[in-house]
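Below is one structure; the comments refer to it alone.
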Amino acid sequence: MLQIYNTLSRSKQVFKPIVPGKVKMYVCGMTVYDFCHIGHARVMIVFDMVVRWLRASGYEVLYVRNITDIDDKIINRAIENGEPIAALTNRFIKAMHADSDELGLMHPDQEPRATDYIKEMQGMIGKLIENDLAYQADDGDVNFAVRLLPGYGELSGKTLDELNAGERVAIVGGKRDPLDFVLWKSAKPEEPVDTRWASPWGEGRPGWHIECSAMSCDLLGEHFDIHGGGADLQFPHHENEIAQSEGALYGKNRKDDDAPFVNYWMHNGHIRVNEEKMSKSLGNFFLIQDVLKRFDPEVLRFFMLKAHYRSPINYSDFQLEEARSGLLRLYTALASMPMSENIALDTNNPWAQRFTTAMNDDFNTPEAIAVLFDLASELNRAQGDEKQKLANTLRSLGASLSFLQRDPTAFLQAGSKHQEGMSSEQIEEQIAARVAAKQSKDFAKADLIRKKLLDQGVVLEDKPGGITEWRRA
């Protein structure tokens, strides 16, 4: 029975979808003004894992992840570059998809862009004004009146006074209260024409928070199962999504038995770099495309899922090398076994039961991966038919996390991308020279070749029939 830690209740809860057998899930996606970094990678990898496990568990999943393609950062970057907004955002959407594809991730079922939902956003803003939860300020902006909505702060667990203490004392622009947030930004004269839309409140563009409420409600309904995103979005973004969505639907008087906007809120933990917060100013900001020039995509996925999705993780080359070593152990266990196609996993298998128990405990991937390592150890000791059964089980369980689906020899011989060393051709030449030395009884030379290869990070394994297999350490 699947349990999910619900940020809203601050507890694990048994997962009960609104419609039996079906799951509707929305995840906050990227603001496309630059290339994706490893923080984005964690969000993509974590919720790819969640969708895979839900589907492996028999659920029909509708997975929506939005694209923010209008935003202050986007406008500023486009002005700096002297290019239209659409040219900038399309370029970085293409780059985001390239990163996702190289990481081996599934595309969301729906990937709405904010600029395609202006009408829906305006409709929701209109409802909030009708419900006396929003107002147009003197500067032209339309703002949400936070103090008029009972229950605001439930997701972050803070009272209005606590939240207010963290805000600037001065009231910015035409806001009535520092906690109020913008729903519709009035256009500025210097802003390009492709950054503004006509509205009942004058030309302008949507605020950041309203887009997710409008898109999720349009595609998934006013009440859906799971909403995910990074921990940094819990407040204010997700808090404001709840306020907007429920404020538009119920007004100021939501009753206890009214359905919430979302049943389960999931947030993945932060990424730190060498124990410091990742930021451009500290120079520890890593783009996905740069990391993948140096490390195999499966290694990056494995690194991300070795930690529980809610835990903060520390990113470093050392940590990625450790992840690579772990994958080497698993692939080495599979190396001598033929790859079988379309293996049906026996769910009564004790290994599958342990794995399922771990994953059903709030997607506990560290414990699930520990099962894979235990299984690999058992596989190394097994013989005959039992060995093949264990290999099939290992691959099948790995598939649930999108691991161990490649040819083991290809993975083992690929090495680490940033390592300098011998090419595959050079290694094969040395192996041939070693075979020739052994045939001529020059065992000292054969041993020397083995040692030199080992010094280069190449491990040889002699098999029956005079066959020598190799892998990179």
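Under the definition of Cα pairs under 8 Å and six or more residues apart, what whole-number percent is the relative contact order of the range 136-236?
Once normalised by length, the contact order is 27 percent.
Please report the antiparallel percentage of the DSSP beta bridges confined to the chain, to the nearest 5. Write down the numbers at each step before the final one.
Details: 24 of 46 bridges.
Counting only bridges with both partners in the chain, antiparallel ones make up about 50 percent.
Taking θ as phi - 60°, what are the ³J(HN,Hα) couplings along the range 379-393 by the Karplus curve (6.51, -1.76, 1.60), each to the nearest whole Hz, with x for Gly and Pro?
4, 5, 8, 6, 9, x, 4, 4, 5, 5, 4, 5, 5, 4, 5
Around Val23, which amide H atoms from residues at least 5 apart in sequence, or from another chain, sit under 5 Å from its own amide H, with H modelled in the peptide plane?
Glu60, Val61, Leu62
Can you give the FRET efficiency for Arg10 and Ser325, using 1/(1 + (r/R0)^6), R0 = 41 Å, r = Cβ-Cβ distance, to the nearest 0.05?
0.70
In whole percent, what relative contact order does the chain give with Cα contacts below 8 Å and a gap of six or more residues? Intermediate values should be presented prior to the final figure.
Numbers: 697 pairs, mean separation 73.4, N = 473.
It comes to 16 percent, rounded to a whole number.
Tell me the relative contact order for the range 3-271 as a rounded percent, counting alpha carbon contacts under 8 Å between residues six or more apart.
Once divided by the residue count of the range 3-271, the mean separation gives 24 percent.
Round to the nearest 10 and give me the degree value, 0 to 90, for the angle of helix 424-439's Cα axis relative to the longest principal axis of the chain.
The two axes meet at around 20 degrees.
I need the phi-derived Karplus couplings for the range 349-358: 6.51 cos²θ - 1.76 cosθ + 1.60, θ = phi - 60°, integer Hz, Gly and Pro marked x.
4, x, 5, 5, 5, 4, 4, 5, 4, 5
Name the shape class, rounded, prolate or oblate, that the alpha-carbon gyration tensor gives for the range 294-414, where a ≥ b ≥ c are the square roots of its eigenvalues, rounded holds for a/c under 1.5, and otherwise prolate holds if a/b is larger than b/c and oblate otherwise. Before the final figure, lay out the partial values.
Working: a/c = 2.07, a/b = 1.24, b/c = 1.67.
Oblate, because a/c is 1.5 or more while a/b does not exceed b/c.
For helix 72-81, what angle does its Cα long axis make with the longest principal axis of the chain, in degrees from 0 to 90 and rounded to 10?
For helix 72-81, the angle is close to 70 degrees.
Taking a cut-off of 31 Å, what percent of all Cα-Cα pairs in the chain are separated by more than that?
Roughly 52 percent, once rounded to a whole number.
Taking neighbour Cβ counts within 10 Å as the exposure measure, how do Trp265, Trp208 sort from fewest upward?
Ascending Cβ contact count within 10 Å gives the list Trp208, Trp265.
How far is helix 118-130 tilted off the main Cα axis of the chain, in degrees rounded to 10, range 0 to 90?
50
Tell me what the chain gives for mean residue ellipticity at 222 nm when only DSSP H runs of n ≥ 4 count, each as -39,500 (n - 2.57), the sum divided by the residue total, rounded to 500 deg cm²/dmol. Let's see the in-between values first.
Working: 16 runs with 203 residues, N = 473.
-13500 deg cm²/dmol, from helical runs alone.
State to the nearest 20 debye the size of the charge dipole of the range 294-414 about its Cα centre, where the only charges are +1 on K and R beta carbons and -1 on D and E beta carbons. Write down the numbers at each step before the final one.
Values: 12 positive and 15 negative charges, 24 e Å.
With Lys and Arg at +1 and Asp and Glu at -1, about 120 debye.
With r as the distance between the Cβ atoms of Ala410 and Asp385 and R0 = 25 Å, compute the FRET efficiency 1/(1 + (r/R0)^6) and round to 0.05.
According to the calculation, E is roughly 0.45.
Collect residues whose amide H, placed 1.01 Å from N in the peptide plane, falls under 5 Å from the amide H of Val273; neighbours closer than 5 in sequence don't count.
Met278, Tyr315
So who's got an amide H within less than 5 Å of the one on Asn268, skipping anything under 5 residues away but keeping other chains? H placed 1.01 Å off N, in plane.
It is Gly229, Gly230, Ala231, by chain and number.
Every number in this text was worked out from the coordinates using simple rules, so none of it is lab data. Quantities reported herein were computed from a predicted structural model and do not represent experimental measurements. Backbone-built Cβ (ideal geometry, glycine too); neighbour counts: all protein chains shown.
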